[in-house]
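Nothing in this text is a laboratory measurement; each read-out follows from the coordinates by a stated rule. Model, not experiment: these values are computed from the prediction. Every residue, glycine as well, gets a Cβ built from its backbone with ideal geometry; the counts of neighbours run over all protein chains shown.
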Amino acid sequence: MIGQIQLEDYELEVRNVIGDEVTRKSLELFLSNVDLSDNAWQAESLSQLLDIFNFYDKEISLNEILVDLKQKLEDEKLI
């Protein structure tokens with residue numbers, strides 16, 4: 001789809017920023033090292049993303065969360 005950002009693209013962008021697979025642990029580690037004077041917007045955005053992991057009990061990657069959400073939307077015929 002031209003002009004639309006897919007969730008997979010978002011995951012890849014976050015992966016590129018933190019330099020690792022996107023998990024709760026990798027986000028927490030990255031956020032603990034962010035220079036807030038230069039990257040406050042980045043820290044805020046990633047902190048909000050971190051909240052999504054609160055809905056899952058186990059250590060799971062963002063990619064797995066996105067697959068799960070997509071499947072739930074498809075099951076409900078919302079996409």
Got a sec? Which of Ser26, Ser45 is surrounded by 11 or more Cβ atoms within 10 Å (Cβ to Cβ), small (Gly, Ala, Ser) and touching a helix residue (DSSP H, G or I) at 6+ places or on another chain (Cβ under 8 Å)?
Ser26
For residues that are part of a loop (DSSP other than H, G, I, E, B) and in contact (Cβ under 8 Å) with a residue 24 or more places away in the chain, scanning just the range 57-79, find the one that is surrounded by the most Cβ atoms within 10 Å (Cβ to Cβ).
Ile60
Among the residues of the range 17-31, count how many are of a type in the set (A, V, I, L, M, F, W, C) and outside any helix (DSSP H, G or I).
1
Within the range 32-46, the residues that are more than 24 Å from Asp57 (Cα to Cα), in a helix (DSSP H, G or I) and not charged (D, E, K, R) are Leu36, Ser37, Asn39, Ala40, Trp41, Gln42
